[in-house]
Every structure is written in structure tokens, then in C-alpha cells.
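Enquirer: Provided herewith is a single structure, encoded as C-alpha cells, for subsequent inquiry.
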Amino acid sequence: MAENCIRVQNLLKSYKDLTAVNNISFDVRKGEILGILGPNGSGKTTTLKSILGLIEFDSGSVEVNNLSIKKQRNDILKSVGAVLEGARNIYWHLTPMENLAYFAGIRGLSKRDIAERAEYLLDSLKLSDVANKEVRQFSAGMKQKCALACSFIHDPSILLLDEPTLGLDVEITRTIMTWLRHVVEKEGKTIVITSHNMDFVESICERILIIRKGEIVSHETVKSLKEKFSKKHFLIDLAEEPQSTLMDRISTLGEASLSDKTLRIELKTVESLIPLMKAIEESGVRMLNFRTVENDLEDIFLEVIKEGKQ
Ligand code: ADP
Ligand code: MG
């Protein structure tokens, strides 16, 4: 198993009476993209800010590359880049080139390194054409790409991104996605992303942490999340409309509904499949077709949120 590069243990953060992050623990493995998914106000930003040491948490610990954020923050930040929600970390009255030079200066890069790094980032994020235009004229997507480039100027090994695709169009989202994949696959970087965009998370992350009201409700790979929920969801086409006794009987196995002659059922457990088949057979109605429904991640997300802690 790959080594961990971020370890969050029993992280707790409250704002007065409100517990924003309630005792959560998780690891981020070197070279992965971990997605943090959750409804508004569930504690995603608070978690990222805690990892960055931007806020003081009440208890628990955060370690990045085996260093403690409370004790060795400056050392940690040398190998971390971050863009918090809204890309407000860059200067809108400067150009991308000037922003990059500014952030490179803060990070102590040499002039030669700055030029080389800036060229690479502008090119790979498709910003070269606008390198000398003021950021304030840009669309939200272009600003976001510029913020990404700046967060990456010092070649950090870890990137923390808060809602990087919020409100962005499909094309920019795709450019960002391709670039993030590239830096993970080709440069061995590690990325943590919070997002509302299920498609984005699904296509880019290997593991997803779902949080709700400051608590982790699910922590799995995309593959196992899908498997877990899709197997239990079936559509069965019948030759004729069944009698209500069949519906009564199978309602104990899971949530069932009938639309015309198609029976839709979400079984409580996969094992209920056998009694379901038996019930249909005994009702005398012929089964024409039997399909499983592949839940997309959005369904799964809603499902997990509804079920609460597992
Ligand atoms: P998310 O990023 O998932 O939308 P946040 O981490 O921003 O969630 O917020 C978690 C909870 O903490 C929310 O209920 C939010 O209102 C509250 N919160 C966040 N920041 C502050 C703050 N500075 N002061 C008071 N409450 C806050
Ligand atoms: Mg947030």
C-alpha cells in the first residue's frame, strides 16, 4: 500500500456552539486524488483549512509528510499548494505572468526557475495567450486556472483544492481535470479536492470521502461505492400487471414501485434477490426482462447522505 502523506486524526473544530468538523479521521495516500464530497456547510472547507493550518482546530492532529501542522507549519507549506474556494488568492489587477512572478518571489525561487516554471504552467493550463493580460478581465474559469498555476509555482508535492470547478464551464473543467490527472500520473503529485460536481469527482478521484454535518459517512473507492449501491437496484419487466398481493409481499424486501408493467425495486440486501424471484414466480406473472440499474455517483451520494453513518 502506498504511504500516507496526510494523516488527519480525530479532528474537531467548533465555531461557538456549532461543531463544523466532528472528530474525523482519514489518510491521504501519496500519489492519489482524494475527493471530499458533501452538501453545503458539511465542513469541507474547514477540513482543508485545518490541514493548511489556516485555522486553529480544537483537538485532534494533522500531519503532512509526518510533520505536525501545529508545530512545523512552515516546513509543511514548502511542499503544499492550495486554492481555496473562489480563486481569491491571486491579484486581479496583475497579469498571470506577474502573479506567477509574485508568488514565485514569495516562495524564494530564482529568476531562472521562475521563467521555466511559469512557461510550463501557462502552457499546460492553456494560459499562454493571455499571460500578459490583466486577470480582472478574465472569466471565472480563466481566473481559476491562473490561481491553480500560482498555487503550483513552487512545484509542491501536495495540492489542496477547494471546489476547483464551481461554476466553471465544461471546457475549462475538462482542461483542469486533464491537467490534474497529468500531475498525479506523470509527476507523482497528491491531490485533495472538495467538490459538489459529482461527474468531476467520479471521473478524477479514486477514493471519495463523503461528509455530512462534520462527520464522515462514507470513505470508499469510487468502484466499491458504485458496486455497493448498484447491485441492489433492479428493474423487472413483467408480461402483465401483477396483483396487489405481489406488491404487498415484496414490499418487505425493499422499496418497490410499479410503473405500467415494470417493477422497480431497491432491495434492502442483495440476498433478498432469491425471495423476490420466488415471489414473482409464485404470483404466476411471467418475467420478461431483468435489469440492474447502474446508479451514478449522484444517486449514491444522495443515498449515503440519507442513510447517515454506516
Ligand atoms: P463546506 O465547505 O462543506 O460548505 P464549511 O467548512 O465552510 O462547510 O462550514 C462548516 C460549518 O461551519 C458551516 O455550518 C458554516 O456555517 C460554519 N462556519 C464555517 N466557517 C465559520 C466561521 N468562520 N465562523 C462561524 N461559523 C463558520
Ligand atoms: Mg466550502
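The values are calculated or read from the model by the stated rules, or taken from the named source; none is laboratory data. Owing to the predicted nature of the structure, the values given are computational and were not obtained by experimental measurement. Glycine also receives a Cβ, built like all others from the backbone with ideal geometry; neighbour counts cover every protein chain displayed. To get the accessible areas, we keep the full protein, side chains included, count just its heavy atoms, and leave off ligands, DNA and RNA. Shrake-Rupley method; radii C 1.70, N 1.55, O 1.52, S 1.80 Å.
Enquirer: Out of everything in the range 21-42 that is near ligand 1 (Cβ under 9 Å from one of its atoms) and open to solvent by less than 10 Å² (accessible area, probe 1.4 Å), what residue ends up being farthest from the chain's Cα centre (by Cα)?
Expert: The selected residue is Val21.
Enquirer: Looking at Ser68, Ser50, Ser128, Ser61 in this structure, which one is small (Gly, Ala, Ser) and within 16 Å of ligand 2 (Cβ to nearest atom)?
Expert: Ser50
Enquirer: Say we look at the range 235-270 and pick out the residues that are farther than 12 Å from Arg286 by Cα and acidic (Asp, Glu); which of these is surrounded by the most Cβ atoms within 10 Å (Cβ to Cβ)?
Expert: Among those that are farther than 12 Å from Arg286 by Cα and acidic (Asp, Glu), it is Glu266.
Enquirer: List every residue pair whose Cβ atoms lie under 7 Å apart, where the two residues are 6 or more positions apart in sequence or sit on different chains, the first residue falls within the range 158-169 and is away from ligand 1 (no atom under 12 Å from the Cβ), and the second residue, located anywhere, is part of a strand (DSSP E or B) and of a type in the set (D, E, K, R).
Expert: none
Enquirer: Can you report the number of residues in the range 43-90 which are of a type in the set (Asp, Glu), farther than 15 Å from Asn22 by Cα and within 16 Å of ligand 1 (Cβ to nearest atom)?
Expert: Number of matching residues: 1.
Enquirer: Oh, and also: Please list, ordered by first then second residue, the pairs with beta carbon atoms under 8 Å, 6 or more apart or interchain, first in the range 181-199 and among the small types (Gly, Ala, Ser), second within 16 Å of ligand 2 (Cβ to nearest atom).
Expert: That search, which allows pairs on different chains as well, returns Ser195/Gly35; Ser195/Ile36; Ser195/Leu37; Ser195/Glu163; Ser195/Pro164; Ser195/Thr165; Ser195/Leu166; Ser195/Val201.
Enquirer: Quick test for you: out of Ser42, Ser50, Ser25, pick the one residue that is at pLDDT below 95 and in contact with a Gly (Cβ under 9 Å, 6 or more places away or on another chain).
Expert: That would be Ser42, the only listed residue that is at pLDDT below 95 and in contact with a Gly (Cβ under 9 Å, 6 or more places away or on another chain).
Enquirer: Among the residues that make up the range 167-179, is at least one of them within 16 Å of ligand 2 (Cβ to nearest atom), buried (at least 24 other Cβ atoms within 10 Å of the Cβ) and assigned by TED's automatic domain parsing to the domain that holds Leu54?
Expert: Looking for residues that are within 16 Å of ligand 2 (Cβ to nearest atom), buried (at least 24 other Cβ atoms within 10 Å of the Cβ) and assigned by TED's automatic domain parsing to the domain that holds Leu54, one finds none in the range 167-179, hence no.
Enquirer: Of the conditions (1) in contact (Cβ under 8 Å) with a residue 40 or more places away in the chain; (2) open to solvent by 60 Å² or more (accessible area, probe 1.4 Å), Met97 satisfies every one except a single condition; which number is it?
Expert: (1)
Enquirer: Let me ask something additional. Test Leu121 against the stated conditions and say whether it is outside any helix (DSSP H, G or I) and out of contact with any Pro (no Cβ under 8 Å at 6 or more places or on another chain).
Expert: No.
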